[in-house]
Amino acid sequence: MDISHFKLNRIIFAVVIIGVVVFFIYLPDYTRLKNLRKENSRLKNEIKELKEEIVEIEENLNRLDKDPSFWEQLARKHMKVLKKNEILVDINSQEE
């Protein structure tokens, strides 16, 4: 009985050693795969956002071609352009 118990201990020890070696061999690859999946997910989200932005820009370009009032809206918003006899009131400025 002592001999079979000794063989069983040796087999268990060998399996544990092999398991530890396999773990340390595959751990870097698993970590790298996990990081690549996370990066892939981030890039997919970024691509989705960029596609949405492209659609919005294309819609604005089409509007610029077809809607003259859109030019006026852009000029008023970005360049603070006023019509004749209009007064700009800046409600964001602070008085001292």
Between the alpha-carbon centers of the range 3-17 and the range 55-96, tell me the distance in whole angstrom.
-> 81
Among LYS44, LYS83, which comes first, then next, by fewest other beta-carbon atoms within 10 Å?
-> LYS83, LYS44
In degrees between 0 and 90, to the nearest 10, how far off the longest principal axis of the chain does helix 2-66 point, with axes built from Cα atoms?
-> 10
For every helix of n ≥ 4 consecutive DSSP H residues, a contribution of -39,500 (n - 2.57) applies; sum these over the chain, divide by its total residues, and give [θ] at 222 nm rounded to the nearest 500 deg cm²/dmol.
-> -29500 deg cm²/dmol
Under the 7 Å Cα-to-Cβ spin-label approximation, VAL81 and ILE12 lie apart by a distance in nanometres of 8.5
Most positive-pole-ward Cα, GLN73, ILE17, ILE47, against dipole of the range 2-79 from beta carbon charges = ILE17
Projected label distance in nm at LYS38 and GLU72, using a 7 Å step from Cα toward the beta-carbon = 5.3
FRET efficiency for TYR30 and LEU50, Cβ-Cβ distance as r, R0 = 30 Å, nearest 0.05?
-> 0.45
Determine the sum of side-chain charges near ILE57: Lys and Arg each +1, Asp and Glu each -1, restricted to other residues whose C-beta is under 12 angstrom from that of ILE57.
-> -3
Taking the structure as given and computing Cα Rg over 2.2 N^0.38 Å, which label from [x] 1.71; [y] 1.09; [z] 2.72 fits?
-> [z]
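Values in this text are rule-based calculations from the coordinates and carry no lab data. Just so it is clear, the model here is predicted, and its values are computed rather than measured. Ideal geometry is used to build each Cβ from the backbone, glycine not excepted, and the neighbour counts take in all protein chains shown.
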